[in-house]
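Q: Please find one structure pasted underneath; my questions will follow.
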Amino acid sequence: MSLFEQTGTRPAAPLAARLRPRSLDEFVGQAHLVGPGRALRAAIDDDQVHSLILWGPPGVGKTSLALIIAAKTRSHVEQVNAVTAGVADLRRIIAEAQDRRRFHGHRTLLLVDEIHRFNKAQQDVLLPHVEDGTLILIGATTENPFYQVNATLVSRSRVAQLQPLADGEIRAIVARALADPQGLGGLGLAIEEDALAHLVRLSNGDARVALNVLEAAALAVGATGGRRVTLDAVADAAQRRPLAYDQAGDAHYDTISAFIKSLRGSDPDAAVYWLARMLAAGEDPRFIARRMIVHAAEDVGLADPTALLVATAAAHAVEYVGLPEARIPMAEAAIYIATAPKSNAVVRAISAAGEDVQEQRAGRVPVHLRDTSHPQAVRQMRHGVDYRYPHDAPGGFVPQDYWPEGMTRRRYYEPTDRGLEAELRRRLAAWWGEEPAL
């Protein structure tokens, strides 16, 4: 069955399929794309959608949005899966679209599931007909199209990036599922708050996961004559033990604190444990990745500047790959930061400089350091006069005053004797003739 195939309202259809929104008014989330006043929403309402690639993680509305566009358009709609559709299938669709356009003036909307799986032959067949408007392409993909789809095809389409659903949006979808007769409304069920909180956490922004687990839990509760979906029912349906973790409360802050202190304390095993615990509890991996970037700079700094690169690469992997695979580069970054030599000299330097900026009088930029890009400023104001170009000196260094007028030289950066900073200490002492204090 194609990702885009309508399942209707057959009772046997999964809850997620039965609750699929039929209009933008029922669509939950992605307000940055289809909220009131947004360009894509106006294009859908006016049936003026051009070729579009919907990119985002599972369960965030790619299928639903594609189906809403198909339902709103007056164009003929064709649906294919990039895995199963061969070149012959595409040639047939193109030929029929050309005839439809030539003889009846009708457009053809082509919905393509897993568009990133199109091979070169498939893309070469489609490209000229997307370009000349014979086909309006609506593709869906969980992979970054800028890397995984032919650049020429991407350049002829708008890429709309869908985001994981927020906790409040998942809650709204669950509430609708429990109330809607097409969903679980006929069962008269309610869900307990701790069960709902656990369901929201484990869904991790994926509405399909939330609805699948809710349906399994509801069926189990209904089979025993119950009317309340409990935490135990949700945990059993998800086959995931609930963890004491509140993303807005103490557990959230205490756990990330334990993770950070394990990194700072050079215990890679504890760091990996707290990382795994946060991910299992449904913590936003982007939040964890951002904290690792900060602490790679704050607690490792220039003792090993590669730590910042590794942490940044892990954050990119979270966006580019997503969970569950992204947990591996995240663990790699955590282990690297934990095992790197430690220095907080960078954060102490910027903090001390910041204090001087707030407390000291802001002296003018000395004439020899001022901008020389404007010839008149050089002639009349003598900007840059007496500036000594370091590359002209032996070793690429020349001592001169780089401080504001009226301010004496300060020592903000005090490198440690650990890691790369030991070499930086030696270098600074050789240049400026003074040994930084430990």
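Q: Add -39500 (n - 2.57) for each DSSP H run of 4 or more in the chain, then divide by its residues: what number comes out at 222 nm, to the nearest 500 deg cm²/dmol?
A: Calculated mean residue ellipticity at 222 nm is -14500 deg cm²/dmol.
Q: Can you work out ³J(HN,Hα) from phi for every residue in the range 352-365, in order, using Karplus 6.51 cos²θ - 1.76 cosθ + 1.60 and θ = phi - 60°, giving whole Hz and x for Gly and Pro?
A: Values, residue by residue: 5, 5, x, 5, 5, 4, 6, 9, 8, 5, 7, x, 5, 5 Hz.
Q: Counting other beta carbons within 10 Å of each Cβ, put VAL272, VAL300 in order, fewest first.
A: VAL272, VAL300
Q: For a footprinting-style exposure proxy, rank LYS72, LYS120, LYS62 by other Cβ within 10 Å, fewest first.
A: LYS120, LYS72, LYS62
Q: Then there is this: For the chain, what relative contact order do you get, as a whole percent, if you take Cα pairs closer than 8 Å and at least 6 residues apart?
A: Result for the chain is 11 percent.
Q: Just to be sure I understand, if you calculate mean projected area of the Cα convex hull in nm² for this structure, which of (i) 30.7; (ii) 21.5; (iii) 20.2 do you get?
A: (i)
Q: I want to check the label-to-label distance for ASP25 and GLU319. Put each point 7 Å from Cα in the C-beta direction and report it in nm to one decimal.
A: For ASP25 paired with GLU319, the spin-label model returns 3.7 nm.
Q: Multiply the residue separation of ARG277 and VAL87 by 0.36 nm, subtract the distance between their alpha-carbon atoms, and state the gained length in nm to one decimal.
A: 63.7 nm
Q: Can you list the lysines whose alpha carbon is less than 26 Å from that of LYS62, not counting same-chain residues fewer than 8 positions off?
A: By straight Cα distance, LYS62 reaches LYS72, LYS120.
Q: If you don't mind, there's one more thing I want to ask. Would you mind ranking ILE53, ILE293 by Cβ crowding within 10 Å, fewest neighbours first?
A: By the 10 Å Cβ count, ascending: ILE293, ILE53.
Q: Identify which of GLU405, GLU332, GLU96 has the largest mean-square fluctuation in a Gaussian network model of the chain, with springs joining Cα atoms closer than 10 Å.
A: GLU405
Q: For the range 250-339, what is the largest minus smallest coordinate of the Cα atoms on each principal axis, given in angstrom and ordered from greatest to least?
A: Projected onto its principal axes, the Cα set of the range 250-339 covers 33, 29, 19 Å.
Q: Whose amide H sits under 5 Å from the amide H of VAL229, counting only residues 5 or more places off or on another chain, with H placed in the peptide plane?
A: ALA190, ILE191, GLU192
Q: Compute the Cα gyration tensor for the range 25-162, then decide on rounded, prolate or oblate, letting a ≥ b ≥ c be the square roots of its eigenvalues: rounded whenever a/c is under 1.5, prolate when a/b is larger than b/c in the other cases, and oblate in all that remain.
A: oblate
Q: In whole Hz, with x marking every Gly and Pro, tabulate ³J(HN,Hα) for the range 149-160 from phi via Karplus 6.51 cos²θ - 1.76 cosθ + 1.60, θ = phi - 60°.
A: Taking θ as phi minus 60°, the curve returns 10, 3, 4, 5, 5, 5, 5, 9, 10, 8, 9, 10 Hz for the range 149-160.
Q: Once phi is turned into θ = phi - 60°, what whole-Hz ³J(HN,Hα) does the Karplus curve with 6.51, -1.76 and 1.60 give for every residue of the range 84-95, x standing for Gly and Pro?
A: 9, 7, x, 4, 4, 4, 5, 4, 5, 4, 5, 4
Every number in this text was worked out from the coordinates using simple rules, so none of it is lab data. These numbers come from a predicted model, not from an experiment. Please note: Cβ atoms are built from the backbone with ideal geometry, for glycine as well, and neighbour counts cover all protein chains shown.
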